[in-house]
1. What are the semi-axes of the equivalent ellipsoid of segment 125-207, taken as the square roots of 5 times the eigenvalues of the Cα gyration tensor, listed largest first and rounded to whole Å?
2. Just the projected area, averaged over all directions, of the convex hull on the alpha carbon atoms of segment 320-420: how many nm²?
3. Please list VAL221, VAL239 in order of solvent-accessible area, largest first, computed with a 1.4 Å probe with all protein chains present.
4. So which of LYS58/LYS344; LYS171/LYS326; LYS295/LYS344; LYS11/LYS61 end up more than 30 Å apart, counting from Cα to Cα?
5. Please report the base-10 log of the normalised intensity I(q)/I(0) for the chain, using a Debye sum with one equal scatterer per alpha carbon and no solvent, at each q in 0.09, 0.11, 0.14 (1/Å).
6. Going by accessible area, probe 1.4 Å, with all protein chains left in place, what is the ranking of ILE273, ILE208, largest first?
7. Kindly report the accessible area of segment 340-399 per residue (heavy atoms of protein chains, probe 1.4 Å, no ligands, DNA or RNA), in Å².
8. Suppose we take every Cα in segment 337-393 and form the convex hull; what volume per residue is that in Å³?
Amino acid sequence: MNNLEMSDKAKPLLTAVIRHIEENVAPITEEFYRLGEGRADRWSYAPGQLELLDGAKKKAKESGLWNFFLPNAETGEGLSNLDYAYIAAELGKSPLAPETLNCSAPDTGNMEVLERIGTPAQKERWLKPLLAGEIRSAFAMSEPDVASSDARNISTRAVLENGEWVINGEKFYISGAGDPRCKIMIVMVKTSPEAETFRQQSQILVPIDTPGVEIVGPMHVFGHDDAPHGHMHIRFKDVRVPEDHILWGEGRGFEISQLRLGPGRIHHCMRSIGAAEKALDLMIARGVSREAFGKRIVDLGKNMETISRARIEIEAMRLMVLKAAKAMDTLGTKEARIWVSMIKAMVPEKVCQIIDQAMQVHGAAGLSQWTPLSGMYTAQRTLRFADGPDEVHHHVVARAELQDYQNSNRRQAAVRGSGT
């Protein structure tokens, strides 16, 4: 558990990923976003944008830098969670890098689910084009009318009628559903309300163009719609899909969530560390290039200590996430869940703080479109809700601590130490 070194076979891949980002992604990033400014349809790509992106994807494919997130799978590189964690940290430094390697959420989680439990027909229709980077996907779980951080509250219903699932309900913050390339959603629904608590939910594949699927509009995050990716508000009204669109069988929605959420949370956290590294670099560059009150900004107040604390926090987060990845590799998803909850509760909050400090060093410009910091902050603040809010993960960790305390000698040792 404490050997957190990247494997020898993966080290050349990490070097190649870093080179790919420097040579093929960084040079197109500014132009990609410039082309998208002022486009007539916010929910499309401007001429030239996808050509730039597809060019970088083609170069990555040709170099064998593709689908790293599938651990020990024939369809991917076969990396462990630990190895991929190192790569994800590099991807987090660039907004375009993950997609150029076909390693973008929510596609990664959806592909992993389909790869592990999809039927041959489901794999042929949806997994194959996803693995090729030809389409995008979404995962529809959160609902506006219930506290859906407790998945038992999911109320979107699916009823089997004459060989079809009929779906009715409402979802929101469905990331990626605004992208015109998004063709398929995995939808969390309630199929068996009379079953035991954790057997009531199922997950069903729903093509986004199915009649009855209404994309109401984007949910804004701090006033931004994140077009064309989007975090969409969607209504399902008598949506009908064939019975065989269910994943893994009726009542297995919770089990499927466990397959995708553990690795997905690790990927999120390592990409977040990459974002923290980027924020720290921007903070230092600004601090040494500007002067105020006769000193460099970096030498004013406690800015040197702020830089020190940021580096310390980044290295502490890195070790925690690598250990969570190692736990996933060696102990399995169920046993590693405490480590995963620890990093999910800690990392986005700490990264938010580092980005906030970088914005402060930049002054008012740090809040503006002149730096990527405000967008980075928005993404990290959102992540404190995505895949479970902070409070849920703290509860998981604390509950495990209490159970361990009750079941071990820690209780007796504490009592003896207190002198009572």
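1. Value: 24, 16, 11 Å, ordered largest first.
2. Reported value for the Cα convex hull: 9.4 nm².
3. Largest to smallest exposure gives the sequence VAL221, VAL239.
4. Going by Cα-Cα distance, LYS58/LYS344; LYS171/LYS326; LYS295/LYS344 fall outside the 30 Å limit.
5. Results for the chain at q = 0.09, 0.11, 0.14 Å⁻¹ read -0.59, -0.88, -1.39.
6. If we order ILE273, ILE208 from most to least accessible, we get ILE208, ILE273.
7. 46 Å²
8. Residue-normalised Cα hull volume stands at 64 Å³.
The values are calculated or read from the model by the stated rules, or taken from the named source; none is laboratory data. Computed from a prediction, not measured in an experiment: that's the story for all the values here. All Cβ positions, even for glycine, are placed from backbone atoms using ideal geometry, and neighbour counts span all protein chains on display. What goes into the accessible areas is simple: the full protein's heavy atoms, side chains included, and nothing from ligands, DNA or RNA. Shrake-Rupley method; radii C 1.70, N 1.55, O 1.52, S 1.80 Å.
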